[in-house]
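The values are calculated or read from the model by the stated rules, or taken from the named source; none is laboratory data. Because the structure is a prediction, the values reported are computed rather than measured. Please note: Cβ atoms are built from the backbone with ideal geometry, for glycine as well, and neighbour counts cover all protein chains shown.
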Amino acid sequence: MHRRGLGFQLGIAFAAVAAFTALLAAGILTYAWQQLFEGYVRAGVQSSAVSLSSVTGDSYAYYGGWQEASLAQIARLAVANDLRLQILDSKAKVLVDSVSLETDAGPLGLSGALTGQQGAKSKPGAMPQPVVQVPVVVGSTTVGSVKVASLAPGGLLTQRDIEFRAASFDGLAVAAALAVLLASFAGVVYSRRFTKPIDLVTRTAAALRSGERGARTGMTGEDPVGVLGRTLDQMADSIEAEREFERRLTADVAHELRTPLMAIQAQVEAMQDGVLPTDEHQLGIVRDETMRLSRLADSILELSRLERRSVTFHMEPMDLAGPLAQAVETHRALMESLELTLVDDIAEGVRVRGDADRLAQSFSNLLGNAARYTPEGGVVTVRLFREKGQAVVTVADTGIGIPADERDHVFTRFWRSDAARERARSGFGIGLAVVREIIDYHGGGVTFESEVGRGTTFAIRLPLEGGRKKSAAG
């Protein structure tokens, strides 16, 4: 079954809303006019009832009681004015009912009106609505009452009143029809303008799904659909960048694994062929390459566990200067061997809640990066201080820096800048990802500032003891 397009659906929706609005307006207007005309009719019947009550009272006073001929005459007067009249005595007994009058029978006797013996046509029925009852007062005594209702098709409305009411409803019907037509037309026009960019977004998404990586909407508008199109384009760019990064990552991991494996293979084959002696030196080379592979595997496994939160952290109150000083002392000999100056400014008494070993690991990774990417003669500065209710650890170097277009990938696993790849002592590209996971677990954050050729400063911020933020890991 063919599905209707969005344009058709919007057109139908516009028409339905217009029709519903017109029907609602007609219903409200009909109710209001009905109340108005009913009030108008009731006022007319009330005025006639007051007049007939006055005439009936005058007849009662003139004759000194109820007089048959007079009551019949008053009933005929009511009939002549398209009114239904009942005259009742003080005990609410019907004395005469105008519906019992027969046009060809002459005046009706009072006894006939009371007994209703005039055939089927003379039997009184229920009075039409609205009914107005007015007392008949003679002097200060209520001697009876009159009930009056209209027998006219329009309920005492003039022909002009009836024509005006009919014309009003006709006009409302025409307005409703025009509203539905105009709404349908507007819905079709708007839907075409609205659905074209949506169709473009749909086609672009379908093209991306089918493998056309270069498909883009090219939208630049600020309306919601334009923003949707731009967001789709940005998402496609991001996906393409991620795919490029995955290709690069695969190549990096393959390179990291292939280099020690090839070295081991070449070394073993040379010893098997007798080209190299099977002595302690040659076996040491094989051992070193094997340990390199082991360290890479351990790093990948540790990062994976940290990301899954499957690593046990021993959280306890501590002075952050302890693990930081430990990391600094561990790297001091390395810095000296690389002809780097290590400067530390570590404040005592900065207490946090955390795992000392894991925090020391984070600081060591930052110091290792600083040593790896800082040329000989450079300076690495480590500081610990309080700032705005947080403990702040900074590791600043005077190294090669990070290009602006590569800074979004700094904490991505296996990422290394192009400049870093050229350095002989570059690592696996996992250390900073590990730092971020550890600090995130502690409820803190890691940021950095960098300038190419001038160096990089990493800053770790942790909540002070007693003000720890609730982390995702709990």
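Look through segment 273-292, keep the residues that are under 60 Å from the mean Cα position of the chain (by Cα) and surrounded by 15 or more Cβ atoms within 10 Å (Cβ to Cβ), and return whichever of them is modelled with the highest pLDDT. Filtering first and then ranking leaves E289. For segment 439-458, state whether one or more residues are surrounded by 14 or more Cβ atoms within 10 Å (Cβ to Cβ) and modelled with pLDDT under 80. Scanning segment 439-458 turns up no residue that is surrounded by 14 or more Cβ atoms within 10 Å (Cβ to Cβ) and modelled with pLDDT under 80. Checked against the criterion of being surrounded by 18 or more Cβ atoms within 10 Å (Cβ to Cβ) and modelled with pLDDT under 85, the candidates L114, L101, L71, L85 yield just one match: L101.
Once segment 144-168 is narrowed to residues that are surrounded by fewer than 18 Cβ atoms within 10 Å (Cβ to Cβ) and within 27 Å of S59 (Cα to Cα), the residue that is modelled with the highest pLDDT is L151. For segment 400-430, residues that are at pLDDT 80 or above and either over 39 Å from the mean Cα position of the chain (by Cα) or closer than 15 Å to T374 by Cβ (or both) total 3.
When each of A327, A270, A333 is tested for being under 49 Å from the mean Cα position of the chain (by Cα), of a type in the set (G, A, S), modelled with pLDDT of 70 or more and part of a helix (DSSP H, G or I), the lone residue that passes is A327.
Annotation: M235 fulfils all but one of (1) modelled with pLDDT of 80 or more; (2) in a helix (DSSP H, G or I); (3) surrounded by fewer than 12 Cβ atoms within 10 Å (Cβ to Cβ); the unmet one is (3). Among the residues of segment 326-341, just one is aliphatic (A, V, I, L, M) and within 16 Å of D355 (Cβ to Cβ), namely A327. Is it the case that some residue within segment 39-58 is out of contact with any Ser or Thr (no Cβ under 7 Å at 6 or more places or on another chain), assigned to a helix (DSSP H, G or I), exposed (fewer than 13 other Cβ atoms within 10 Å of the Cβ) and at pLDDT below 75? Within segment 39-58 (the criterion being out of contact with any Ser or Thr (no Cβ under 7 Å at 6 or more places or on another chain), assigned to a helix (DSSP H, G or I), exposed (fewer than 13 other Cβ atoms within 10 Å of the Cβ) and at pLDDT below 75), the answer is yes, since at least one residue qualifies. A single entry from V96, V79 fulfils the requirement of being within 30 Å of E163 (Cα to Cα) and of a type in the set (A, V, I, L, M): V79.
Exactly one residue out of T374, T278 is in contact with a strand residue (DSSP E or B) (Cβ under 6 Å, 6 or more places away or on another chain) and polar (S, T, N, Q), and it is T374.
Scanning segment 200-232 for residues that are assigned to a helix (DSSP H, G or I), in contact (Cβ under 8 Å) with a residue 12 or more places away in the chain and either of a type outside the set (K, R) or touching a strand residue (DSSP E or B) at 6+ places or on another chain (Cβ under 8 Å) (or both) yields L200, V201, T204, A205, L208, V225, G226, L228, G229, L232.
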